1. Tell me, yes or no, whether region 65-75 has at least one residue that is outside the structural domain of GLU167 (by TED's automatic domain parsing), within 30 Å of ILE219 (Cβ to Cβ), among the polar types (S, T, N, Q) and at pLDDT 90 or above.
2. Would you mind listing the helices (runs of 4 or more DSSP H) fully within region 139-254 where at least 1 residues are at pLDDT 90 or above, closer than 30 Å to GLU65 by Cβ and among the aromatic types (Phe, Trp, Tyr)?
3. Among the listed residues THR214, THR182, identify the single one that is loosely packed, with under 14 Cβ neighbours inside 10 Å and of a type in the set (S, T, N, Q).
4. Within region 112-146, track down each residue that is within 16 Å of the chain's Cα centre (by Cα), more than 13 Å from SER101 (Cβ to Cβ) and either touching a residue at least 24 places away in the same chain (Cβ under 8 Å) or not assigned by TED's automatic domain parsing to the domain that holds PRO196 (or both).
Amino acid sequence: MVAKPIDNRINKRFLFHLLKVSDLSSVITGAAQPQITRSSLSPFKIPLPPVTVQLEIETKIEQYEKIIAGAKQVVENYKSQIDIKPEWEMVELGKIIKLSSGRGLTQQNMVEGEFPVYGGNGINGYHNEYFIENPIIVIGRVGAYCGSVIITKPKAWVTDNGLYVTEYLMEINQDYLAQMLTQLELNKYAKVGGQPSISQTTVYERQIPVPTLTEQKSIVAQIEKEQQLVNASKELIQLYEQKVKDEINKLWEE
């Protein structure tokens with residue numbers, strides 16, 4: 001359905017922004033297939049300030065949307081990059097870490113508590129017990145997100161949908177290792193058929209570059225700075241999306 005002005009009392013772009021932000025739930029009809037029809041929308045009343053005011057509001061909103069679009073470009077296109085130097089030794093992960101599957105814990109057996117429960121793709125609940133004391137790396141083992149890499153919070157539970165690091169066989173920065181595991185895109189090596197899954201052996205066979213600990217820390221620090229900027233962009237998107245809503249909502253309050 002196309003909504004367009006029938007005369008010059010309302011600016012087309014202003015109408016677009018107004019309808020985009022306004023609550024149209026009252027004009028939705030149909031239980032089986034919710035929809036908005038011309039007849040249901042017809043009685044809907046909107047605030048109609050003078051055209052000059054509409055143009056001012058439209059200009060503001062378009063400025064806000066340019067900021068939102070720019071921030072979204074940062075968020076959508078950012079990917080941490082590590083420039084690998086040829087002198088760095090390539091080491092198989094099987095010589096760096098030992099992995100184990102987590103412990104089974106179904107949603108039915110989960111008892112509400114304060115300790116995060118990590119599955120194949122991050123936190124999927126909170127339990128009253130934990131068996132992981134310190135932050136560790138978890139790799140999604142099974143499911144659509146197998147191969148995903150997460151560092152847990154202290155005092156956590158890891159289910160058998162994840163593989164977690166039980167031992168380090170050589171000294172390595174945990175955050176650096178997590179970054180390198182992420183860049184390996186382990187899901188590419190998942191076995192398909194039924195549910196995708198990734199095995200310990202598959203992870204062990206992959207190689208990563210291992211620079212000095214000093215270089216590892218420097219790399220992690222740089223990526224953390226970049227991620228702070230990305231997070232700031234996410235906050236900027238939320239802030240200016242709210243500004244757009246506020247600009248329209250105040251018309252309804254007048």
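The values are calculated or read from the model by the stated rules, or taken from the named source; none is laboratory data. Just so we're clear, the structure is a prediction, and the values are computed from it rather than from any experiment. Positions of Cβ are backbone-derived with ideal geometry, glycine not excepted, and every protein chain shown enters the neighbour counts.
1. There is at least one residue in region 65-75 that is outside the structural domain of GLU167 (by TED's automatic domain parsing), within 30 Å of ILE219 (Cβ to Cβ), among the polar types (S, T, N, Q) and at pLDDT 90 or above.
2. Numbers: elements: 174-183, 200-205, 213-253.
Qualifying helices (runs of 4 or more DSSP H): 213-253.
3. Values: THR182 fails: loosely packed, with under 14 Cβ neighbours inside 10 Å.
It is THR214.
4. Result: ASN121, GLY122, ASN124, ALA144, TYR145.
For every residue, the table says whether it meets (1) in a loop (DSSP other than H, G, I, E, B); (2) within 30 Å of ASP160 (Cβ to Cβ); (3) modelled with pLDDT of 75 or more; (4) among the hydroxyl-bearing types (Ser, Thr, Tyr).
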| site | (1), (2), (3), (4) |
| --- | --- |
| LEU15 | no, no, yes, no |
| ALA31 | yes, no, no, no |
| PHE44 | yes, no, no, no |
| THR52 | no, no, yes, yes |
| LYS60 | no, no, yes, no |
| GLN81 | yes, no, yes, no |
| SER100 | no, yes, yes, yes |
| THR106 | yes, yes, yes, yes |
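Per-residue answers, yes or no, for (1) of a type in the set (Asp, Glu); (2) in contact with a strand residue (DSSP E or B) (Cβ under 6 Å, 6 or more places away or on another chain); (3) touching a residue at least 60 places away in the same chain (Cβ under 8 Å):
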{"site": "TYR176", "(1), (2), (3)": "no, no, no"}
{"site": "GLU185", "(1), (2), (3)": "yes, no, no"}
{"site": "GLY194", "(1), (2), (3)": "no, no, no"}
{"site": "SER197", "(1), (2), (3)": "no, yes, no"}
{"site": "PRO211", "(1), (2), (3)": "no, no, yes"}
{"site": "ALA221", "(1), (2), (3)": "no, no, no"}
{"site": "GLN238", "(1), (2), (3)": "no, no, no"}
{"site": "GLN242", "(1), (2), (3)": "no, no, no"}
